[in-house]
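Inspection log for the structure reproduced underneath, given as C-alpha cells.
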Amino acid sequence: MKIKTKLRLGFGFLFVIIMAFGAMGIYYINRISESSKVILKDNYETLRYTRAMEEILNEHNVPLKGGALKTFNSNFLSESRNVTEEGESEEVLALKEQVKILNSSTTSATGRDAALRRVRKHLLNIEDLNMQAIVRKNNAAQESVNKAAAYLGLIGSFTFLILFTFVVNFPGYVANPIRELSEGIRQISRRNYKQRLHFKTNDEFAELAASFNEMASRLDEWENSSLATIRSEKLRIEAIIENMHDPIIGLNEKAEVLFINKAAENILNLDQQKTTGQVATEIAAGNDLLRTILDKNANDRLLKIFANGKESFFSMESREIEVPAYPAGDTERAFQVTSVPAGTVYILRNITEFKERDEAKTNFIATISHELKTPISSIKMSLKLLKDQRVGNLNGEQDELISHIKDDTDRLLKITTELLDLSQVETGNIQLNLKRTHPLEIVNYAIEAMRFQSEQKGVQLELISRHHLPDINIDTEKTAWVLINFLSNALRYSSEKSKIIIQLNQVNGEIEFSVKDFGKGIEDQYIQRLFDRYFQIPADGQNKSGSGLGLAISKEFIEAQNGRIWVESALGEGSKFSFAIPAAG
C-alpha cells in the first residue's frame, strides 16, 4: 500500500470518528432541548393562567364585573385551550360551571361563597395536575440527560481509545522508516558503505531502501577501487607542495589549516604538526606575520621579512579554491556544474633577488641622472653665451642649429630631472614640505612659468576660479610641478591660436585643479595607462613624445598629499587633466 493511501485512510478514519461523535452529541442535545420546550410551552402557561384568575378573585368582589370579569374570562379561555394533562379537562369543565354560578345575579350570598370555594378548589386542582406534570417531565428530561451523558461518555471513551491507538501507532508507519533512513545516511557520511536498509513493506519506502542499498553498493565499489589512487595522488601533491621554495599555506572553508610547507614553517616560526587542523585566526592572534598574511587587504602587498639571517622580500598572493558541485540526483543536469568554496591558498613569492636588482637599477638611474645634469647645464650655459651677440654674430643656419641644440638640451634636462624624481618615488623617500598655501598662488606660478611658451605658440591661457577659496596644506614646489606638467602637455597637443582653460573649484571639501585643452583628444585604449611609468602615447609625427614619466611622477606626488588625480578625454574634443587636494581645516 502506498504512503499516500495510508495517509488518506488514516485521516479519513479520524474524520469519520469525529463526525459520528459530533452527530451523536447533536442528537441528544436536541432531545433534551425538546423536553425543555414542552415543559415551558404547556405546563408553565397553565400555571400562569390559573394564578392570574386567583389574583382577580382575591382582589375583586364577586360577582365579577367590568374589566375584572373580562380579564378573568380571557385567562379562563386561554386555559381551556391549553389542556394537556389527564383529568385537566374535567377540572376545567367543572370550573366553568362554578364560575357561571359565581357570576349569576340570582345566586344567593351563601351560594356565591360556596361557588367561590369550589372555584378556588378547581383552580388548585389544575395547578396540582400541572405541577405534577412539570415534576414528571423534569424527571424524564433528567433521565434523558443522564442517558445522553452515559452514551456520550461511553462513545467518547471508545473514540478516545481508538484515537489514542491511532496517534501512538500510525506515525510509526512514517517515522520509523525515516529514522532508519536517516541513520543509514549518517553511516554513509561516516564512510560506512556496508550499511543497508531492509523494509518489509510494499510502498515508497521500500523503493527508497532499494535505491539506498544500490547507492551504498556503488560507493563501496568506488571506495575499494579508487581509494588507493586517491591516496597516492594526495601524497604526490603534498610532496610537491612540501618541496616548493615559496612558502605556501592552505586553509579549508572553515579557516582551518590544511597544510603548511617547510618554507612557510621557517618564515612563520610554526610547527606543521601542531598547526594542522587548528583555526588560522586563533594561531594568528600570537603571530603578527600570519595575521598580516590573513588580512584581506594584504593581497599583492610587498612584505619585508627577516628570515635565514637576512632581510627578504615577498609578494603575497591569495587564491580562493573552488571545487565542482554536481546537481544531486538529476542525471539530466549532470553536466551543469557549479562551484562551491573549498578554502584559500596563500603563496609568498620570494622576490628578494628582483627587489635587489630593482634597487640597483634605481640607484644607477639616480647616479647617471645626477651626473648628466651637470654637463647638460654647462651645455645650456654655453648655448646662452653663443647666442649673446657680444661674442660675435651668428648667421641664420648657425642660429637655427643652436636653437635645435637648446631644445634637445632642455628635453634631456627635463628627462634627467624626471628620472631623479622617479628614483625618489621608487625608494619611497618622497620628502614633502607641507605648508598652508592659497590655491591661486600655485596656479599663478604655473601660468607665469608657461607664459613665454604659450605666447610663442599663440595659445591663450584662461583662468576660471571661484572667489574665496580656502587654503590647502601642500608641497608648493611639487604641486606646481604637476600643474606645469599638465600645462606643458596641453601646449604640446594644442594647435596655434587655440585656448587652454585652467580651472579652480571647490567640490565636497576638496580643491580641484584642472587643465583643459582643445586638441585632438586621447583614444580610450590609452586613457587607462596614462599614469603608468614609461608609457607614451604613440607620436603622430607633429608632437615630440616625452619620457613617459611626467604623469606617473605627478600621480605619486598628488597621492602622497592625500589627493586624487584623473583624466577625461574624448577624440575631437580635447583632454582635461585634473587633480584634487583636501582643503585645509
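The values are calculated or read from the model by the stated rules, or taken from the named source; none is laboratory data. Small disclaimer: the values here were computed from a predicted structure and weren't measured. Note that each Cβ is placed from the backbone with ideal geometry, even for glycine, and that neighbours are counted across all protein chains shown.
When each of 255, 263 is tested for being under 30 Å from the mean Cα position of the chain (by Cα) and of a type in the set (A, V, I, L, M), the lone residue that passes is 255.
Given the criterion crowded, with 16+ Cβ neighbours inside 10 Å, in contact with a helix residue (DSSP H, G or I) (Cβ under 8 Å, 6 or more places away or on another chain) and in contact (Cβ under 8 Å) with a residue 40 or more places away in the chain, identify the matching residue among 212, 205. Only one candidate passes the filter, namely 205. The sole residue among 83, 135 that is closer than 30 Å to residue 26 by Cα and at pLDDT 80 or above is 135. As a summary of the residue check, residue 194 satisfies the conditions (1) assigned to a helix (DSSP H, G or I); (2) over 30 Å from residue 93 (Cβ atoms) except for the one numbered (1).
When the range 257-288 is filtered for residues that are under 23 Å from residue 315 (Cα atoms) and in a strand (DSSP E or B), the ones remaining, listed by number, are 257, 258, 259, 260. Residues in the range 10-52 that are acidic (Asp, Glu) and within 30 Å of residue 73 (Cβ to Cβ) were compared, and the one that is modelled with the highest pLDDT is 45.
The combined condition, being in contact with a Pro (Cβ under 8 Å, 6 or more places away or on another chain), assigned to a strand (DSSP E or B) and surrounded by 17 or more Cβ atoms within 10 Å (Cβ to Cβ), is fulfilled by residue 511.
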